[in-house]
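A quick write-up on the structure given underneath.
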Amino acid sequence: MSDILIKEVMNPDDRKACFSIRVEVFCVEQRVNRAIEFDGMDDQCRHYIATYKGNCVGTARTRQLNDTEVKFERVAVLREHRKNGIGRLLMARAMSDAVHAGYRRAVLNSQVHAGPFYEKLGFRSEGDVFLEAGIPHRSMSKEL
Ligand code: COA
């Protein structure tokens with residue numbers, strides 16, 4: 001069995017673990033304000049968690065925008081576990097679920113540094129760079 005496992009969050013403990021990763025990556029490492037990070041929309045989202053050898057190391061959430069579009073948000077892997085394919089597996093699982101749920105288009109706001117990561121997953125940039133939570137971002141999308 002692979003050391004990396006991805007699953008959809010179905011219980012409060014896994015949800016807490018996802019939120020801890022977001023605090024570590026976005027609030028501590030990237031200095032995003034907690035009130036911005038925890039935007040009140042988590043209850044509308046599907047959450048995913050990645051484990052490596054049983055430890056929680058990554059997370060992502062997806063949020064319905066309308067009948068055909070889904071937005072990928074809060075994609076984060078703990079710093080010491082990056083560049084090991086965990087982010088790609090998280091996105092692949094969430095995209096597969098989005099296809100099965102009937103969505104036709106995935107959108108996201110990518111931090112500029114992460115653009116190449118999403119491009120490798122088939123997303124394409126649209127429009128100009130803008131600031132979100134004080135961090136430069138670009139809109140990206142992919143037909144599912
Ligand atoms: N710049 C360029 N390429 C990158 C990259 C980056 N910042 N991050 C990943 N990649 C590439 C990898 O090299 C790999 O390429 P390959 O398939 O040719 O080997 C591919 O993308 C998949 O990488 P993977 O190892 O699955 O990504 P990861 O587990 O390191 O996760 C992030 C990527 C962006 C989720 C992770 O860097 C992270 O959590 N960053 C901090 C939080 C953040 O900025 N999240 C994005 C918010 S929009």
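The values are calculated or read from the model by the stated rules, or taken from the named source; none is laboratory data. Keep in mind the model is a prediction, meaning the values are calculated, not measured. Reconstructed Cβ throughout: ideal geometry from the backbone, glycine too, with neighbour counts over all protein chains shown. Only protein heavy atoms, including side chains, enter the accessible area calculation; ligands, DNA and RNA are left aside. Shrake-Rupley method; radii C 1.70, N 1.55, O 1.52, S 1.80 Å.
Selection over the stretch 1-39 of residues that are within 16 Å of the chain's Cα centre (by Cα) and either assigned to a loop (DSSP other than H, G, I, E, B) or aromatic (Phe, Trp, Tyr) (or both) gives a count of 7.
Taking the conditions exactly as written (free of Cβ contacts under 8 Å to residues at least 60 places away in the same chain, in contact with a Gly (Cβ under 9 Å, 6 or more places away or on another chain) and farther than 16 Å from residue 22 by Cβ), does residue 128 satisfy them or not?
In short, no.
The condition of being at pLDDT 95 or above, within 21 Å of residue 29 (Cβ to Cβ), open to solvent by less than 40 Å² (accessible area, probe 1.4 Å) and within 12 Å of the ligand (Cβ to nearest atom) holds for only one of 121, 78, that being 78. Assess whether residue 65 counts as being touching a residue at least 24 places away in the same chain (Cβ under 8 Å), open to solvent by less than 50 Å² (accessible area, probe 1.4 Å) and among the aliphatic types (A, V, I, L, M). Judged against the criteria, residue 65 is not a match. Scanning the stretch 10-40 for residues that are among the hydrophobic types (A, V, I, L, M, F, W, C) and over 15 Å from residue 76 (Cα atoms), we see that the one that is farthest from the ligand (Cβ to nearest atom) is 10. Only a single criterion out of (1) small (Gly, Ala, Ser); (2) away from the ligand (no atom under 12 Å from the Cβ); (3) more than 19 Å from residue 137 (Cα to Cα) is not satisfied by residue 85, namely (2). Taking first residues from the stretch 93-118 that are closer than 19 Å to residue 49 by Cβ and open to solvent by 50 Å² or more (accessible area, probe 1.4 Å) and partners that are within 7 Å of the ligand (Cβ to nearest atom) and among the hydroxyl-bearing types (Ser, Thr, Tyr), the Cβ contacts under 9 Å between residues at least 6 apart in sequence or on separate chains come to 117/110. When residues in the stretch 11-49 are screened for being of a type in the set (Asp, Glu), open to solvent by 60 Å² or more (accessible area, probe 1.4 Å) and in contact with a helix residue (DSSP H, G or I) (Cβ under 6 Å, 6 or more places away or on another chain), 0 of them pass.
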